[in-house]
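Everything below concerns the one structure shown next.
The values are calculated or read from the model by the stated rules, or taken from the named source; none is laboratory data. Predicted model, so just to flag it, every value in this text is computed and none were measured. Cβ placement follows ideal geometry from the backbone for every residue including glycine, while neighbour counts extend to all protein chains displayed.
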């Protein structure tokens with residue numbers, strides 16, 4: 001029964017993922033991945049921002065620069081997905097006795113922003129609830145990627161180009177509402193954007209720093225500025241998102 | 001994409017992404033007490049998403065004008081607290097209709 005409740009709670013997330021990963025599928029193919037390569041990225045990573053960066057690195061790495069690319073991939077994926085560590089620790093506070101170590105090793109795979117958000121709104125989080133909750137988002141995320149990757153070739157350019165922007169729209173939808181409530185997060189986000197603009201438009205920086213590393217540098221510097229320059233009395237607001 | 005490049009990169013991204021989720025979930029039972037470390041973790045996701053979105057969003061469609069319209073619609077819908085799905089669809093529609101209009105006019 002708890003499993004079924006999880007399935008039901010996961011429906012909205014799954015539908016949302018279906019449309020967003022459609023954009024991801026198109027983007028992955030535009031970076032040179034085949035449809036099944038794009039699908040495998042989604043099935044095994046199950047993360048939005050991390051995958052966009054990963055596919056960007058895949059598209060920019062040649063056979064000669066593979067070892068550098070692997071390091072860049074490890075560092076980018078680590079930094080971008082670091083938030084999942086905190087979510088895992090936070091979720092640990094709510095788990096019941098069915099959440100054994102093997103259960104954690106399985107359900108831990110499905111910690112995403114949205115799944116974490118729904119799960120942490122529950123009184124108690126059991127193994128079966130997490131398993132149920134993860135099913136439809138995983139299916140939606142993978143299926144949407146497949147549809148985007150395949151239909152990206154069939155649909156006219158004007159449609160695929162317009163769909164590729166969707167994933168950025170989703171990022172705006174994650175950042176803006178939280179920034180309205182939390183001034184410190186708003187300021188850090190703006191600093192990060194300013195740094196990103198500098199990295200993009202200053203030719204010297206644009207030529208020497210890859211897009212994956214630029215994102216990490218901007219985000220870490222902006223966050224450190226936030227930690228040491230801003231009051232963080234409201235930091236709880238962010239972890240509830 | 002060449003599989004000799006794809007599979008090593010995929011493996012690294014999958015392993016790092018999985019371990020970063022699973023290890024703390026298995027090992028940590030206590031909440032982080034250090035305020036500064038906590039604040040850093042609070043900021044990172046939003047700083048990453050912000051840097052990733054801008055200015056890249058402006059170059060995500062075939063014209064900077066349609067992308068800019070999509071971006072403005074995303075800002076408006078997100079500001080009004082619409083769901084991720086609604087904002088994503090609105091952004092796509094805005095960019096699409098603008099591209100269509102540009103094609104017809106030019």
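Only one residue in A:44, A:78 is part of a helix (DSSP H, G or I), facing chain B (nearest Cβ under 8 Å) and at pLDDT 95 or above. Which one? Walk me through how you get there before you give the answer.
Values: A:78 fails: at pLDDT 95 or above.
From the options A:44, A:78, the qualifying one is A:44.
In this structure, does residue A:221 turn out to be at pLDDT 90 or above, in the same structural domain as residue A:27 (by TED's automatic domain parsing) and part of a helix (DSSP H, G or I)? First the steps, then the outcome.
On the way: at pLDDT 90 or above: yes; in the same structural domain as residue A:27 (by TED's automatic domain parsing): no; part of a helix (DSSP H, G or I): yes.
Judged against the criteria, residue A:221 is not a match.
Can we say residue B:18 is modelled with pLDDT of 95 or more and either assigned to a helix (DSSP H, G or I) or over 18 Å from residue A:191 (Cβ atoms) (or both)?
yes
Taking region B:24-38 as the search range and keeping residues that are within 23 Å of residue A:99 (Cβ to Cβ) and more than 7 Å from chain A (Cβ to nearest Cβ), which one is modelled with the highest pLDDT?
Among residues in region B:24-38 that are within 23 Å of residue A:99 (Cβ to Cβ) and more than 7 Å from chain A (Cβ to nearest Cβ), the one modelled with the highest pLDDT is B:27.
Which one of the conditions (1) within 19 Å of the chain's Cα centre (by Cα); (2) farther than 14 Å from residue B:51 by Cα does residue A:208 fail to meet, given that it meets all the rest?
(1)
Is it the case that region A:127-146 has a residue that's under 21 Å from residue B:26 (Cβ atoms), within 11 Å of another protein chain (Cβ to nearest Cβ) and touching a helix residue (DSSP H, G or I) at 6+ places or on another chain (Cβ under 6 Å)?
yes
Which ones in region A:1-41 are surrounded by fewer than 22 Cβ atoms within 10 Å (Cβ to Cβ), within 11 Å of chain B (Cβ to nearest Cβ) and not in a helix (DSSP H, G or I)?
A:31, A:32, A:34
Which one of the conditions (1) without any contact (Cβ under 8 Å) to a residue 12 or more places away in the chain; (2) under 23 Å from residue A:231 (Cα atoms); (3) crowded, with 19+ Cβ neighbours inside 10 Å does residue A:180 fail to meet, given that it meets all the rest?
Evaluating residue A:180 over (1) without any contact (Cβ under 8 Å) to a residue 12 or more places away in the chain; (2) under 23 Å from residue A:231 (Cα atoms); (3) crowded, with 19+ Cβ neighbours inside 10 Å leaves (3) as the failure.
Residue check: is residue B:69 within 25 Å of residue A:12 (Cα to Cα) and assigned to a helix (DSSP H, G or I)?
Working: within 25 Å of residue A:12 (Cα to Cα): no; assigned to a helix (DSSP H, G or I): yes.
No: the conditions fail for residue B:69.
Can you report the number of residues in region A:57-71 which are in a helix (DSSP H, G or I) and crowded, with 22+ Cβ neighbours inside 10 Å? Give the steps one after another, and end with the answer.
Residues of region A:57-71 in a helix (DSSP H, G or I): A:57-60, A:63-71.
Right, trim to crowded, with 22+ Cβ neighbours inside 10 Å and you get A:57-58, A:69.
So the answer is 3.
Could you please find all residues in region A:124-165 being outside any helix (DSSP H, G or I) and modelled with pLDDT of 85 or more? Step through it out loud before you land on a result.
Quick first cut of region A:124-165, residues outside any helix (DSSP H, G or I) only: A:124-126, A:155-156, A:165.
A:124, A:125, A:126, A:165, listed by residue number.
Exactly one condition in (1) over 25 Å from residue B:72 (Cβ atoms); (2) at pLDDT 95 or above; (3) more than 7 Å from every other protein chain (Cβ to nearest Cβ) is not met by residue A:226; state its number.
Going through (1) over 25 Å from residue B:72 (Cβ atoms); (2) at pLDDT 95 or above; (3) more than 7 Å from every other protein chain (Cβ to nearest Cβ) one by one, residue A:226 breaks only (3).
Tell me which residues, restricted to region B:55-65, are more than 7 Å from every other protein chain (Cβ to nearest Cβ) and part of a loop (DSSP other than H, G, I, E, B).
B:63, the sole residue that qualifies.
Any residue that is facing chain A (nearest Cβ under 7 Å), in a helix (DSSP H, G or I) and over 23 Å from the mean Cα position of the chain (by Cα) - is there at least one of those in region B:41-54? Steps first, please.
At the first step, the residues of region B:41-54 found to be facing chain A (nearest Cβ under 7 Å) are B:41-54.
Filter once more, so that each one left must be in a helix (DSSP H, G or I): B:41-53.
Filter once more, so that each one left must be over 23 Å from the mean Cα position of the chain (by Cα): none.
No; the residues of region B:41-54 include none that is facing chain A (nearest Cβ under 7 Å), in a helix (DSSP H, G or I) and over 23 Å from the mean Cα position of the chain (by Cα).
Looking at region A:126-151 only, could you name the residues that are crowded, with 24+ Cβ neighbours inside 10 Å and more than 18 Å from the chain's Cα centre (by Cα)?
A:129, A:130, A:149
Please tell me if residue B:73 is over 21 Å from residue A:24 (Cα atoms), more than 7 Å from chain A (Cβ to nearest Cβ), in contact with a helix residue (DSSP H, G or I) (Cβ under 8 Å, 6 or more places away or on another chain) and in contact (Cβ under 8 Å) with a residue 12 or more places away in the chain. Let's see the steps before the verdict.
Working: over 21 Å from residue A:24 (Cα atoms): no; more than 7 Å from chain A (Cβ to nearest Cβ): yes; in contact with a helix residue (DSSP H, G or I) (Cβ under 8 Å, 6 or more places away or on another chain): yes; in contact (Cβ under 8 Å) with a residue 12 or more places away in the chain: yes.
Answer is no for this residue.
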